[in-house]
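The values are calculated or read from the model by the stated rules, or taken from the named source; none is laboratory data. Predicted model only: the values in this text are computed from it and were never measured. Cβ placement follows ideal geometry from the backbone for every residue including glycine, while neighbour counts extend to all protein chains displayed.
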Amino acid sequence: MIELQSLWDVIFLVALVVAIAPAFGAYLGRVYLDRPTFGDTVLGPIERGIYRLLGTSPRRSMTAREYMLAVLFVNVGVFAFLYVFFFFQNLLPYDATGAPGMSWDLALHSAASFTTNTDFTHFTNETQMSLGALFIAYPLALFVSAATGLSVAAAMIRGWVRRDGTIGNFYVDLVRTISRVLLPLATLFALVMVFEGVPQTFTNYVLAHPLTGGTQEIFLGPVASYQAISLLGTNGGGFYSANMASPIANPSALSNLFGVFAMMLIPFSTPFAFGQIIRKRGEAWPFMGTILIVFAIALGLFIAYQAATNPALAGIVGLGPQAAGYPVGQETRFSLPESALFQVVSVYDNVGANNMQIGAISPVAQLVLLFGMFTQSTPGGDGTGFGVLLLFAVLGVFVGGLMVGRTPEYLGKKITTGHVRWAALALLVHPAVILIPFVVAVAGGFVSTAAATLPGSAHTFSSVLYEFTSESANNGSALSAGSFNDTTVFFNVAGAVVMLVGRFVPIWAMLAVGGMFSGQEVLPPGPGTLQTASTTFTIYITLFLIIVSVLLFLPVIALGPLAQIVGGP
């Protein structure tokens, strides 16, 4: 049953974000154009001091190769710091709960996960993570990974407006993203969460006295500040293993909707930052249109199939008429539309936070979530999601130009075979790093998909597929729900490789495409120039994205989610 009042709340929240996005996107554009913004008087001198320490300057603009090397330099440093911290956390301060140091393979997976903005965890925070890791190691990765994605997107976009072969300075972009965007918003959002009842303390735990008697340890810490940057930065790793289904991290329907707002704000605003940077604001709307079309269809399907009768419960004696849809795994404190909005936004924004057990939702709803990770761009994670969408546009314009006999160009810059190779590499590496380890896992005996029924076998198949898809898309959510053991050496090492390749190869491609565009002169519009700020272009890019994504993954979809759907209860 769909609660109509909650449905209106959902519609209002999405409309609110869409209304705010142009203004906030314009602000993001000013940040990356180095124009006057919020806090210049206070933040300017601090930033200039950081630049001097880094040995760089805003006047020093990098080529695509230099920018990529700077991205790798910073992120390798973060990876090394996290690995050492996780491996030796039992010897470091703030381990009052006695969390053990991680094994080499678990530390490898965890360091790769948080460096790449994935936050996919093969451990339990409450028992396997020290408080020091939660307020020292994690926050560094949460801010740097989100800032890296936004900086890369800004650098790629500059390729359309520059002619000197450079795309900006990564260190400057990184610092300004943190100081002008992420840190102020994370601080504000953390205060809002505290007001909503989310704890913010350096106490490890408190003792509670349940009505049934005895005592219970309640794990605490800087939950509000952690959740704020986790959601805002499209990181998604929850302070608690239950993530946003935990009543401590997400105490009310209001905090649930605010969490959705935090996840949507930056990804839905980035198209308008694109319009601001290229000085053609109308060019933002085709991308926003594509995002909204795919997102609306996904949310509608998710709600509809979660509200439908669960056939698996139809034959249970004494249950009676079952009209509550798929209630198993859903947090009962939230309505279906509220839970569905959170979950769809989380996966389509590549956040990966959960407020329901997605291993127990309907197969169609699982397929909807998988598709969001297949595209990675509707809207995708902070920065990199829009970068992938631009790569889809480059390929789409190239294919469209060939079909009508025009020289492919976008925003006055010619699309060459070099652009197409890099764009194709970024889009093809995603299925490659999913399907290769997936085949090794199943065929190599690292996981068994054998089950007594087709739906049972297909569910395990889907769970393994979802795991590698989530890691490659830098999402972080999981479907397994006990279907298989993913804490083994194989899944830790394979997952780490998938996350690192799935993160940095597309980033390399985005920067290469931006760098090639930045070395071109702008062509004057002519009679054959493609009108990209149009409804026709919106529909074309939307269909191109959907068709390409489906074709890349159709075989495994048929063996997993589709087999669950047609296999019966």
Answer yes or no: is there a residue in the range 83-98 that is surrounded by fewer than 18 Cβ atoms within 10 Å (Cβ to Cβ), among the polar types (S, T, N, Q) and outside any helix (DSSP H, G or I). yes
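Every residue, every condition in (1) free of Cβ contacts under 8 Å to residues at least 24 places away in the same chain; (2) among the aromatic types (Phe, Trp, Tyr); (3) under 25 Å from Val152 (Cβ atoms), yes or no:
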| position | (1), (2), (3) |
| --- | --- |
| Arg333 | no, no, no |
| Val345 | no, no, yes |
| Pro363 | no, no, no |
| Thr378 | no, no, yes |
| Val394 | no, no, yes |
| Arg421 | yes, no, yes |
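Give the residue, chosen from Thr41, Thr56, Thr97, that is under 30 Å from Ser130 (Cα atoms), at pLDDT below 95 and β-branched (Val, Ile, Thr).
Answer to the selection: Thr97.
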Unmet requirement for Ser179, which otherwise passes all of (1) under 22 Å from Asn354 (Cα atoms); (2) surrounded by fewer than 24 Cβ atoms within 10 Å (Cβ to Cβ); (3) not acidic (Asp, Glu): (1)
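To keep it simple, each residue is scored yes or no on (1) farther than 30 Å from Met356 by Cα; (2) in contact (Cβ under 8 Å) with a residue 24 or more places away in the chain; (3) assigned to a helix (DSSP H, G or I); (4) not basic (Lys, Arg).
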residue: Ser463; (1), (2), (3), (4): no, yes, yes, yes
residue: Ser477; (1), (2), (3), (4): no, yes, no, yes
residue: Asn492; (1), (2), (3), (4): no, yes, yes, yes
residue: Gly495; (1), (2), (3), (4): no, yes, yes, yes
residue: Gly502; (1), (2), (3), (4): no, yes, yes, yes
residue: Gln531; (1), (2), (3), (4): yes, no, no, yes
residue: Thr538; (1), (2), (3), (4): yes, yes, yes, yes
residue: Leu545; (1), (2), (3), (4): no, yes, yes, yes
residue: Leu554; (1), (2), (3), (4): no, no, yes, yes
When the residues of the range 158-176 are filtered to those that are surrounded by 24 or more Cβ atoms within 10 Å (Cβ to Cβ) and in contact with a Gly (Cβ under 7 Å, 6 or more places away or on another chain), which remaining residue is nearest to Glu409 (Cα to Cα)? Gly159
Would you mention how many residues in the range 42-101 are among the β-branched types (Val, Ile, Thr) and more than 20 Å from Thr166 (Cβ to Cβ)? 7
Applying the selection to the range 508-519, what residues are farther than 16 Å from Phe392 by Cβ, buried (at least 23 other Cβ atoms within 10 Å of the Cβ) and either in contact with a Ser or Thr (Cβ under 8 Å, 6 or more places away or on another chain) or among the acidic types (Asp, Glu) (or both)? Gly515, Ser518
Scope the range 530-569; condition under 17 Å from Met403 (Cβ atoms), modelled with pLDDT under 90 and surrounded by 15 or more Cβ atoms within 10 Å (Cβ to Cβ); matching residues: Leu530
Those residues that are surrounded by 24 or more Cβ atoms within 10 Å (Cβ to Cβ) and either farther than 26 Å from Phe170 by Cα or in contact with a His (Cβ under 8 Å, 6 or more places away or on another chain) (or both), I need them from the range 121-149; list them, please. Met129, Ser130
Please verify whether Tyr27 is surrounded by fewer than 19 Cβ atoms within 10 Å (Cβ to Cβ), closer than 23 Å to Ser269 by Cβ and at pLDDT 95 or above, treating the condition exactly as stated. yes
Exactly one of these conditions fails for Leu69: (1) part of a helix (DSSP H, G or I); (2) farther than 19 Å from Gly383 by Cα. Give me its number. (2)
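Among the residues of the range 127-150, is there at least one that is in a helix (DSSP H, G or I), within 19 Å of Gly352 (Cβ to Cβ) and of a type in the set (Val, Ile, Thr)?
yes
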Can you confirm whether Pro561 is farther than 30 Å from Leu69 by Cα and without any contact (Cβ under 8 Å) to a residue 60 or more places away in the chain? no
Can you name every residue in the range 484-531 that is of a type in the set (D, E, K, R) and under 30 Å from Pro437 (Cβ atoms)? Asp486, Arg503
Does Thr201 fit the bill of being polar (S, T, N, Q), in contact with a Leu (Cβ under 6 Å, 6 or more places away or on another chain) and either farther than 25 Å from Asp382 by Cα or surrounded by 12 or more Cβ atoms within 10 Å (Cβ to Cβ) (or both)? yes
Hand me the list of helices (runs of 4 or more DSSP H) wholly inside the range 325-408 holding 2 or more residues that are more than 22 Å from the chain's Cα centre (by Cα). 384-404
Test: Val152 is out of contact with any Asp or Glu (no Cβ under 8 Å at 6 or more places or on another chain) and in contact (Cβ under 8 Å) with a residue 40 or more places away in the chain: yes
